[in-house]
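Okay, so here's the structure we're looking at.
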Amino acid sequence: MKIKVVTLENKAAGEMDLDPTIFGLEVRKDILARMVQYQLNKRRAGTHKTKGVSEISGTTKKPWKQKGGGRARAGSLRSPQFRGGATIFGPVVRSHETSLPKKIRTLALKTALSAKQKEGTLIIVDELKVKEAKTKTVAAYFEKLGLKKPLFIGGKELDQAFAKAARNLQGVDVLSSAGINVYDILNHRELILAKEAVTVLEERLK
């Protein structure tokens, strides 16, 4: 599976072979949905918390006599039926992470890459490097490539000048090949891979 390689100035820079077992799979929405839910669950803080009866500040004295008052019996002013009382079955601090087999996670990443290739929104560039960290220069490159909401994936190490210049642009994200993930791929319109990133991903996903 051949694909054209271009420069950031949208000039031809040869061709590259893509592994069809990574970039040519059938798009399975069920796998992508499971992976996105897995990622969203994992990023939840889980720090929401309400106080139980034992955590409410207040007296432990019985508010009134059990009988003879004409009112319903009550044992504590910290009970949930009173103002400022406890919350019953409220949220507690916990992890929202769910499990997903590694094979499914790997398949989801392959499927996301294949989806971008099938849509025609996968672009391979020779390298993601600029001489100076100027946002104006990078914005001009984006215009030449016709990009609207791109995700850039560099090699093992990012060019800091490019990353610094691109982060000022709305809707743009730059990651190393180690940080590539399904949610960010699907959340951006275009996926731009450096040639080095393709090599790293093929070695990792084979």
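The values are calculated or read from the model by the stated rules, or taken from the named source; none is laboratory data. Please read all numbers here as calculations on a predicted model, not as lab measurements. Note: ideal-geometry Cβ built from the backbone for every residue, glycine included; neighbour counts use all protein chains shown.
Here's the yes/no breakdown for (1) without any contact (Cβ under 8 Å) to a residue 60 or more places away in the chain; (2) polar (S, T, N, Q); (3) in a helix (DSSP H, G or I); (4) not assigned by TED's automatic domain parsing to the domain that holds Glu26:
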| site | (1), (2), (3), (4) |
| --- | --- |
| Ile123 | no, no, no, no |
| Leu128 | no, no, no, no |
| Ala133 | yes, no, no, no |
| Glu157 | yes, no, no, no |
| Lys164 | yes, no, yes, no |
| Val174 | yes, no, no, no |
| Ile185 | no, no, yes, no |
| Leu191 | no, no, no, no |
| Thr199 | yes, yes, yes, no |
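For Gly85, are the conditions met, namely being small (Gly, Ala, Ser), in contact (Cβ under 8 Å) with a residue 12 or more places away in the chain, surrounded by 14 or more Cβ atoms within 10 Å (Cβ to Cβ) and not assigned by TED's automatic domain parsing to the domain that holds Leu191? So Gly85 fits the description; yes.
Residues checked against (1) in contact with a helix residue (DSSP H, G or I) (Cβ under 6 Å, 6 or more places away or on another chain); (2) at pLDDT 90 or above; (3) within 30 Å of Lys42 (Cβ to Cβ):
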site: Lys103; (1), (2), (3): no, yes, yes
site: Ala112; (1), (2), (3): yes, yes, yes
site: Lys131; (1), (2), (3): no, no, no
site: Gly146; (1), (2), (3): no, no, no
site: Phe162; (1), (2), (3): no, no, yes
site: Asn168; (1), (2), (3): yes, no, yes
site: Gly171; (1), (2), (3): no, no, yes
site: Val174; (1), (2), (3): yes, yes, yes
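Can you tell me which residues in the range 135-155 are free of Cβ contacts under 8 Å to residues at least 60 places away in the same chain and hydroxyl-bearing (Ser, Thr, Tyr)? Within the range 135-155, Thr135, Thr137 meet the criteria. The residues of the range 39-58 that are among the β-branched types (Val, Ile, Thr) and outside any loop (DSSP other than H, G, I, E, B) amount to a single one, Val53. So which of Val36, Val27 ends up being assigned to a loop (DSSP other than H, G, I, E, B), in the same structural domain as Ile123 (by TED's automatic domain parsing) and of a type in the set (A, V, I, L, M, F, W, C)? Every option except Val27 fails the conditions.
Of Lys118, Lys102, all but one fail to be surrounded by fewer than 14 Cβ atoms within 10 Å (Cβ to Cβ) and either charged (D, E, K, R) or within 30 Å of Lys164 (Cα to Cα) (or both); the exception is Lys102.
Could we say that Ala166 is surrounded by fewer than 16 Cβ atoms within 10 Å (Cβ to Cβ) and either of a type in the set (Ser, Thr, Tyr) or within 25 Å of Lys11 (Cβ to Cβ) (or both) here? Quick ask: steps written out before the conclusion?
On the way: surrounded by fewer than 16 Cβ atoms within 10 Å (Cβ to Cβ): no; either of a type in the set (Ser, Thr, Tyr) or within 25 Å of Lys11 (Cβ to Cβ) (or both): yes.
It is false that Ala166 is surrounded by fewer than 16 Cβ atoms within 10 Å (Cβ to Cβ) and either of a type in the set (Ser, Thr, Tyr) or within 25 Å of Lys11 (Cβ to Cβ) (or both).
Only one of Leu100, Leu169, Leu193, Leu147 is touching a Leu at 6+ places or on another chain (Cβ under 9 Å) and of a type in the set (A, V, I, L, M, F, W, C); which?
Details: Leu100 fails: touching a Leu at 6+ places or on another chain (Cβ under 9 Å); Leu169 fails: touching a Leu at 6+ places or on another chain (Cβ under 9 Å); Leu147 fails: touching a Leu at 6+ places or on another chain (Cβ under 9 Å).
None of the other options fit; the residue is Leu193.
Just one of (1) more than 17 Å from the chain's Cα centre (by Cα); (2) surrounded by 12 or more Cβ atoms within 10 Å (Cβ to Cβ) fails for Arg94. It is (2). Can you go through Ala133, Ala112, Ala108 and tell me which one is aliphatic (A, V, I, L, M), closer than 23 Å to Asp30 by Cβ, out of contact with any strand residue (DSSP E or B) (no Cβ under 9 Å at 6 or more places or on another chain) and surrounded by 17 or more Cβ atoms within 10 Å (Cβ to Cβ)? Among Ala133, Ala112, Ala108, only Ala108 is aliphatic (A, V, I, L, M), closer than 23 Å to Asp30 by Cβ, out of contact with any strand residue (DSSP E or B) (no Cβ under 9 Å at 6 or more places or on another chain) and surrounded by 17 or more Cβ atoms within 10 Å (Cβ to Cβ).
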